Amino acid sequence: MSVGLSEYLILAVILFVIGLTGVIRRKNLLMLFFATEIMLNAANVALAALSSYMGDLTGQMFALFIIAIAASEVAVGLGLLILVYKKYGTLDLDDLNLLKG
Amino acid sequence: MQSYLYIALFAPLVSSLFAAIFAQQKKIQLVGIITSILIALSFFASVELLVYLMQTNKIVHATLFDWIVIGDMNVKFGFTVDHVTAVMMVVVTLVSALVHIYSNYYMEHDKSFNRFFSYLSAFVFSMLVLVMSDSFLGLFIGWEGVGVCSWLLIGFWYYKKDETRDVNPSISPSWAANEAFIMNRIADLGLLIGIFLIFWNVGSLKYNDFFAAIPNLNHGLLVAIGIALFIGAMGKSAQFPLHTWLADAMEGPTPVSALIHAATMVTAGVYLVIRANPLYSQIPGVGYFIAVLGTFVAIFAASMALVNRDLKRVIAYSTLSQLGYMFAAAGLGAYWVALFHLAAHAFFKALLFLSAGNVMHAMHDELDMFKMGGLKKYMAKTYLMMGIASLALSGIYPFAGFFSKDTILEVAFNEETYGIWFVLWFTAGLTAFYSFRQVFLVFHGDERFHELGIHPHEAKPYALWAMAPLAVLAVIAGFFKEEFVEFITKFLPPYEMSEHTEHLVWFFIIVTMGIALTGIFIAYKKYANGLRRDPKVENSFLYKLLFNQYYIPIFYEKAFAKPYKELSDIAWKEIDQEIVDATVDGIAKAVEVTGDVSRRAQNGNLSTYLKWMAFGLIFISLIALISVVVK
């Protein structure tokens, strides 16, 4: 059984939905980060698959860029998370609601 | 010659702006001196222009810049000095310069000394714009400028409290200022309509274009324009029924009264009628109406002056009366006679007011003539000046007023309007009576002011010197009548007396002098030997009627001011608060309520936001999908 384009895309969609569900359902900031990473990687899978299918390297270049950006984002984001945790002692979103109208 | 024009016009503006810099500061004597010098400079430039016109008979023209350029319309901001303007300029700047110098004395202890000079110079500048403009639009600018400056100056002592009409008939300076301003606005609407009519039908507002177009316009339109312009003149020159502001304007400082009455304000209306003479000579019906109204105002104002006890109000009524004379002459087509009386009147009226200013200073601002008396001993020079001015006003030979007033009477006779002649003739007697009633009450008789603990003193020498040129002119101005006629009739239509009138000249002189002298004699008999008040006369209906100005101010208040205020109250409480305010408040309320509801969406919880975001993303994706499928 060969793995074709549609299988890759289905995997990407599944990964994306898992990520999205995580973003919506999870209450812990750290978990939200993980979910975001899953979503990013879903996009990467789709990009790489399409790039291979079309025979165009642009998609893979994009995927590489996204990986680089995701890495730096995590670095900044985790730094912020540590600060938030130090200041408030929690990462639960229901408790972090100072900015309300 | 254009540079002289610019100097004459802009020196007062520079003067005003200069004084304005120091308006908020304490008195700076230099401000008074410099403004006086600048106005005097304007006077000398005006004289230079007059001499130039006399010698070369060339009209000086200057265009400053394109003012309004819209499509085919091109209004230039231009000035012109022709014969009428030159005479007006010399009169205006001469009186203004002397009033400026005099004000240094009169306002010396006022805390707003600098501000006063700023307003005063602005007043002169506005009047010069009015008389020098070459179009109705420029005239209107000056017209409004004069209105604003008069408002500022009449209400100069704005901090004085309102009083009842029994204590002070003018209520308060700010009240009087508002009255003057509002009355003038009413009349200005007439002027504006006239200007609109001209522009609509001629397409240009330049005097020359309009006068050239007059033969092509139909008669009804000319009548409409003539009436509309005259309504404007009625307001500025305080003709009945818009006259009440003039007497109340006495609330301003006395030099202001001198300026308003002699140079910079009330003469504007007469000037407008003289300026528009090609129009008014085409519509003799309107001219006749102007003459009749002027005659009515002459006797109407004189009658109020007969019994008034307020020093300045008497002079104010006399101005009103003399303006009536001018309009009578202008209405009958004798435009140069009106201008001549305007000039002569400016000199002796300014003198009269400045003398009154001296008396007021001596009397510590007491204005009731019944509390004065016997001042001759203390203020001999002022007595002399006021005597000269009153003689000129009464029309006694050889003073200036005699020549001009006598000519007006001759004109009235010559036009065979004997009614007008008789009324004006009789008014001349009344004028003489009230002028000398004033002189005798103030300067002769028993010294009634001692009860008030006042020690009168003569004015400072330089103030008297400032008045001296006016006194000289009040005496000799009449002798220049021939030269004046020769000069002015190059521009204004000449007015020839019929032979019949020429024969009767001596008769007129005798009759006019006769009634004037009779008036003076009666005043002498009644008042020269002290004040004898007769309660029977003072309680009579006629006396009360005259003393209360025919109850016209009260009538205006009851008939116009009160209902207007009630209407305004209704508009305020019912319309403004209930409808306008309610609408605006409603909009604000609606915004507030929506904000209050929607602010709950911002609950500070990140996961709620993310849910909304996901929902939005799905929603937009669905729309995109559907739109693709439907296509």
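Here are a few things to note about the model shown:
- Centre separation in Å (Cα based) which lies between the stretch B:479-543 and the stretch B:40-67: 35
- Cα-based convex hull volume of the stretch B:268-342 per residue, rounded to whole Å³: 64
- Sparsely packed chymotrypsin sites (Phe, Trp or Tyr not before Pro) within the stretch B:453-521, loop by DSSP, other Cβ within 10 Å at most 14: none
- Divide the volume of the convex hull around the Cα atoms of the stretch B:221-332 by the residue count and you get 76 Å³ per residue.
- When the trypsin sites (Lys or Arg not before Pro) in the stretch B:301-358 are filtered for DSSP coil states and for at most 16 other beta-carbon atoms within 10 Å of their beta-carbon, the remaining sites are B:309.
- Residue-wise HN-Hα couplings along the stretch A:37-48, as the Karplus relation 6.51 cos²θ - 1.76 cosθ + 1.60 with θ = phi - 60° gives them from phi, are 4, 4, 5, 4, 6, 4, 5, 4, 4, 4, 5, 5 Hz; Gly and Pro carry x.
- Over 27 Å (Cα to Cα) - which of A:27/A:86; B:160/B:562; B:27/B:236; B:371/B:525 fall in this group: B:27/B:236
- On Cα atoms only, tilt of A:5-25 relative to the major axis of chain A in degrees: 10
- In this structure, the residue pairs whose Cα-Cα separation is over 18 Å, taken from B:312/B:558; B:349/B:405; B:312/B:536; B:161/B:544; B:381/B:460, are B:312/B:558; B:312/B:536; B:161/B:544.
- Scaled against the 2.2 N^0.38 Å expected of a compact globular protein of N residues, the Cα radius of gyration of the stretch B:367-447 reads 1.32.
- Computed [θ] at 222 nm, helices only, for chain A once each DSSP H run of length n ≥ 4 contributes -39500 (n - 2.57): -27500 deg cm²/dmol
- Chain B: calculated mean residue ellipticity at 222 nm from DSSP helix runs of at least 4, using -39500 (n - 2.57): -23000 deg cm²/dmol
- Sequence-separation-based contact order of the stretch A:5-88, relative, with Cα cut under 8 Å and 6+ spacing, percent: 27
- Of the chymotrypsin sites (Phe, Trp or Tyr not before Pro) in the stretch B:146-233, those whose Cβ has at most 14 other Cβ within 10 Å and which sit in DSSP loop: B:158, B:159
- Taking other C-beta atoms within 10 Å as the exposure proxy, B:3, A:52, B:118, A:2 rank A:2, B:3, A:52, B:118 from fewest upward.
- The Cα atoms of the protein assembly as shown cover 141, 65, 49 Å along the three principal axes, with the biggest extent listed first.
- Cα-derived Rg over Rh, computed across chain B with Rh taken as Kirkwood radius: 1.12
- Quarter of the Cα convex hull surface for the stretch B:1-157, i.e. its orientation-mean projected area (nm²): 9.6
- Taking B:272, B:137, B:545 and counting other C-beta atoms within 10 Å, the order from fewest to most: B:545, B:137, B:272
- Counted residue by residue at 0.36 nm each, then reduced by the alpha carbon distance between them, the extension gain from residue B:574 to residue B:521 reaches 12.9 nm.
- Chain B: relative contact order in percent, alpha carbon pairs under 8 Å with at least 6 residues between: 11
- Amide proton proximity set for residue B:60, modelled H, under 5 Å, gap of 5+: B:81
- Once both labels are positioned 7 Å from their Cα atoms along Cα-to-Cβ, the gap between residue B:624 and residue B:603 label points is 2.9 nm.
- Dipole of the stretch B:45-143, positive end: most advanced residue of B:69, B:97, B:47 [Cβ charges, Cα centre]: B:97
- A viscosity of 1.306 mPa s and a temperature of 10 °C, combined with the Kirkwood radius over Cα pairs in Stokes-Einstein, give a translational diffusion coefficient for the stretch A:5-88 of 115 µm²/s.
- Segment residue B:544-residue B:556, length gained on full extension (0.36 nm per residue, minus Cα span): 2.6 nm
- By the count of other C-beta atoms within 10 Å, a proxy for reagent exposure, B:574, B:366, B:415 are ordered fewest to most as B:574, B:366, B:415.
Read-outs throughout are calculated quantities, based only on the coordinates presented, and are distinct from any laboratory measurement. This structure is a prediction, so every number in the text was calculated from the model and none was measured. We place every Cβ from the backbone using ideal geometry, glycine too, and count neighbours over all the protein chains shown.
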